[in-house]
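The numbers here are math on the coordinates, done by the rules we state, and not lab data. Only a predicted model underlies this, so the values are computations on that prediction, with no experimental measurement involved. When we count neighbours, we look across all protein chains shown, and the Cβ atoms used for this are built from the backbone with ideal geometry, even at glycine.
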Number of protein chains: 2
Amino acid sequence: MKENSTLYPDSVDILEAASRIDAFINHTPVMTSHYIDGISDAHIFFKCENFQKVGAFKARGATNAILTLDADQQAFGVATHSSGNHAQALSWAASRVNIPSYIVMPSNSSRVKVDAVKGYGGQITFCKPTLKAREDTLKKILKETGATEIHSYNHPRIIAGQATAALELIKEVNDLDIIMAPVGGGGLLSGTALATHYFLPVAEVIGVEPEQANDAFLSFKSKHFVPSRDPKTIADGLRTSLGTLTYPIILDHVHAIVTVSEENIVKAMRTIWERMKIIIEPSSAVPFAALLENNSRFAGKRIGLIISGGNVDLDNLPWINL
Amino acid sequence: MKENSTLYPDSVDILEAASRIDAFINHTPVMTSHYIDGISDAHIFFKCENFQKVGAFKARGATNAILTLDADQQAFGVATHSSGNHAQALSWAASRVNIPSYIVMPSNSSRVKVDAVKGYGGQITFCKPTLKAREDTLKKILKETGATEIHSYNHPRIIAGQATAALELIKEVNDLDIIMAPVGGGGLLSGTALATHYFLPVAEVIGVEPEQANDAFLSFKSKHFVPSRDPKTIADGLRTSLGTLTYPIILDHVHAIVTVSEENIVKAMRTIWERMKIIIEPSSAVPFAALLENNSRFAGKRIGLIISGGNVDLDNLPWINL
């Protein structure tokens with residue numbers, strides 16, 4: 001996989017991304033809780049990207065990717081396929097610089113997400129809910145519009161943008177022993193791993209994944225790419241496969257990937273809601289679930305934990321249907 | 001009512017309360033939201049007491065009341081009757097200085113709240129869910145234990161403590177035109193009104209109350225005390241009557257009391273959850289509901305709004321049962 005390493009964002013790419021997106025994004029707060037520290041027997045610093053623009057870290061990468069296009073590219077707009085936070089982030093970031101955005105969304109996308117993309121001025125094309133239909137429809141849109149594709153994670157500018165969350169965390173909190181992030185397509189985890197490698201190399205980076213969507217865990221362990229196959233997990237942000245760029249970065253710079261049960265994801269999510277009074281989405285609860293499951297491994301450590309987002313359907317909370 | 005005005009906390013009482021409780025409480029963040037400002041056509045600064053110790057502003061008053069007892073009084077402990085946040089706040093504050101707390105709770109108190117009081121070491125006595133039973137049981141406990149009663153709102157040290165939330169808000173945000181708080185027993189509103197009177201006298205203070213628990217609105221308008229009679233409102237923190245101390249302070253220093261519908265309380269609560277990603281209790285949503293109902297009155301104003309707390313039963317969210 002080493003052939004891709006020239007595409008890895010370097011430390012300057014990440015620092016430049018941070019200053020490029022500075023006026024557009026929120027510097028999100030780092031929160032702590034005595035109660036949470038007590039039950040997890042560690043010192044946990046939550047980097048709260050649920051308070052980020054569009055409610056998720058994705059605003060960072062999308063903004064960085066758009067701002068690095070040249071004026072001609074920008075004029076034709078940007079396009080992607082996404083049913084989730086990237087769709088909102090890309091249409092939001094495009095609207096901030098007044099360029100068009102074309103979003104391919106599967107026909108079964110939630111109304112809340114469709115409305116959000118429309119609200120940001122994204123031009124939506126619906127397609128069948130399969131990866132093939134999404135890719136085919138996007139190809140057609142790209143041809144028709146001349147827009148630039150901005151992939152949701154497998155893109156060096158996206159990764160450099162997502163890395164700025166860990167960069168801010170490292171600047172604010174000294175002496176972290178471990179930095180944890182959830183892993184789906186790997187945009188957040190690869191960015192976090194690179195930022196940690198460049199700016200706090202003594203810290204370990206741990207990715208966390210649902211047991212029921214453990215393709216990154218298997219790919220990491222076996223060193224052979226294992227795709228995600230329609231996994232069933234409540235952590236809807238973590239159902240995708242690693243990318244050809246995110247996977248080698250993770251192999252090179254992540255220290256461990258661990259998995260957690262669905263039950264503990266829900267328990268972790270609810271504990272954070274109840275005790276910290278913040279709304280986080282299921283994917284964001286995945287790293288804290290690992291702390292609850294492996295108390296002794298993390299005892300006494302100072303742990304930075306990236307809360308990826310807070311976009312939840314408030315009509316469908318997991319503990320109410322249990 | 002003027003005979004009570006010698007009991008009003010003065011500016012020194014509030015400043016002393018702030019420094020006295022400083023090491024015990026959280027300096028809670030002030031949050032803003034572009035989206036919320038857009039729909040309310042105002043600039044709103046949310047003082048987030050949902051992030052306070054025990055999840056509510058009540059930690060301020062309880063700490064101030066306990067720390068101002070002399071050593072002999074402290075040795076015998078403190079007592080109150082409460083089914084809500086004050087019960088948690090008093091038992092928590094007592095535990096911080098290692099003194100006993102005796103909490104009379106109605107037998108129909110929620111399990112979550114009973115467990116929280118127990119968790120802080122409060123010694124609970126259950127009674128029938130009537131005001132008379134609560135008062136009679138408390139009298140008995142006071143006699144048996146020699147503890148000092150700390151009323152949940154009708155107490156100058158409690159009011160001075162609650163006033164420190166508005167004091168922090170005023171210190172952090174310049175040029176507020178209006179400061180809003182919900183009103184139940186009036187501890188938070190009277191403290192907010194006094195802090196504003198002393199430290200930002202150009203600002204107006206507006207109390208907000210559910211239409212279905214409008215005793216403070218009627219008392220304020222008629223200048224004759226109207227008691228609360230078992231009101232039905234989702235805002236469970238706002239069901240109590242004003243006190244003999246809080247009522248005259250409110251008459252003297254609050255500029256208006258407005259009421260809001262149950263429907264708009266739920267709508268306001270949900271909007272804050274969805275857009276700000278913070279968990280607030282129904283009582284905390286009441287002032288924002290007034291902004292949604294009276295857009296034109298507040299247009300263009302800089303408004304400080306006290307979010308009173310975030311203690312919610314996550315199994316019973318109001319929009320799910322609608």
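Here are the numbers for this structure:
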| read-out | value |
| --- | --- |
| Principal-axis tilt of helix B:11-21 within chain B, Cα atoms, nearest 10 degrees | 70 |
| Percent antiparallel among DSSP beta bridges (both partners in chain A, rounded to 5) | 10 |
| Folded to 0 to 90 degrees: helix A:131-145 orientation relative to chain A principal axis, Cα | 40 |
| MRE, 222 nm, helices only [DSSP H, n ≥ 4, -39500 (n - 2.57), over the protein assembly as shown, to nearest 500] | -13500 deg cm²/dmol |
| 0 to 90° range, to nearest 10: angle between helix A:156-172 axis and chain A longest Cα axis | 30 |
| Across the identical copies, how the residue B:125 labels are spaced - nm, sorted shortest first, 7 Å along Cα→Cβ | 7.4 |
| Kirkwood Rh, Cα atoms: Rg over Rh of the protein assembly as shown | 1.01 |
| Sites residue A:314 and residue A:232 - FRET efficiency at Förster radius 25 Å, r taken between beta-carbons, to 0.05 | 0.70 |
| Local net charge near residue B:127, Cβ-Cβ under 12 Å (Lys/Arg +1, Asp/Glu -1) | +3 |
| Gain on full stretching of the segment that runs from residue B:76 to residue B:211 - 0.36 nm per residue minus C-alpha separation | 44.5 nm |
| Cut-off 11 Å between beta-carbons: net charge of the residues surrounding residue B:193, Lys and Arg +1, Asp and Glu -1 | -2 |
| Chain B - convex hull of alpha carbons, volume per residue in Å³ | 123 |
| Proximal charge balance of residue B:66 [Cβ under 14 Å; K/R count +1, D/E count -1] | +3 |
| Relative contact order for region B:59-149, counting Cα pairs under 8 Å that sit 6 or more residues apart, in percent | 32 |
| Values of log10 I(q)/I(0), in the order q = 0.12 Å⁻¹, for region B:144-281 under a Debye, Cα-only, solvent-free model | -0.50 |
| Counting DSSP beta bridges with both ends in the protein assembly as shown, the antiparallel % (nearest 5) | 10 |
| Coarse-grained scattering of region B:59-149 at q = 0.21 Å⁻¹, given as base-10 log I(q)/I(0) from a Debye sum over alpha-carbon atoms | -0.94 |
| Cβ-vector label at 7 Å, residue A:70, separations to other copies in nm | 8.3 |
| Least to most buried among B:236, B:22, B:70 (fewest other Cβ within 10 Å first) | B:70, B:22, B:236 |
| Candidates A:201, A:287, A:182, ranked by Gaussian network fluctuation over chain A, Cα under 10 Å, top entry | A:201 |
| 7 Å along Cα→Cβ, label-point gaps from residue B:295 to other copies, nm, shortest first | 5.2 |
| Residues of region B:168-190 with amide N under 18 Å of the 7 Å Cα→Cβ point at residue B:7 | B:184-190 |
